[in-house]
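Heads up: the structure comes next, in structure tokens.
The values are calculated or read from the model by the stated rules, or taken from the named source; none is laboratory data. Since this is a predicted model, take the numbers as computed values, not measurements. Because the Cβ atoms are built from the backbone with ideal geometry, glycine has one as well, and the counts that use them run over all protein chains shown.
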Amino acid sequence: LIDFPSLPCPQQPVLSSGVTDISLLQIETCDGWKKKYFETKKITTSLEEILTKLREDLELYYKKLLMQLEAREIKMKPKNLANISDSKNYLIIQITEVQHAIDQLKRKLDTDKMKLILEVK
């Protein structure tokens, strides 16, 4: 998100024949700022939609990967159940689950930071 500083925009005065250059400059500055703000807001909205879609895709990819690893674990299951926890595939599953949990926490932290920044402003 792009943060625009709070600029006091004067109310659009009724233009008379005695309008000064300063008031015209203020109006032009305010209009330019508003235009840039709304253009950026449109871009930000589409970027947020893309980000949401990519996060959904990542979540789907993670679930598929985990299902494949678990299926492989079941297929390769040794006859001695005591060795399951030592298998390489089982460790890969655990690592993947921990990485996914870390990624989710990072995303939650970033979201909470943004909310806090917006509340402070």
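Count of the stretch 69-111 residues, restricted to those that are under 28 Å from the mean Cα position of the chain (by Cα), among the polar types (S, T, N, Q) and either surrounded by 13 or more Cβ atoms within 10 Å (Cβ to Cβ) or at pLDDT below 80 (or both), is 2.
Among the residues of the stretch 22-39, is any among the acidic types (D, E), modelled with pLDDT of 85 or more and part of a helix (DSSP H, G or I)? Within the stretch 22-39, none of the residues are among the acidic types (D, E), modelled with pLDDT of 85 or more and part of a helix (DSSP H, G or I).
Scanning the stretch 61-68 for any residue that is among the aromatic types (F, W, Y), closer than 30 Å to M114 by Cβ, exposed (fewer than 11 other Cβ atoms within 10 Å of the Cβ) and at pLDDT below 85 turns up nothing.
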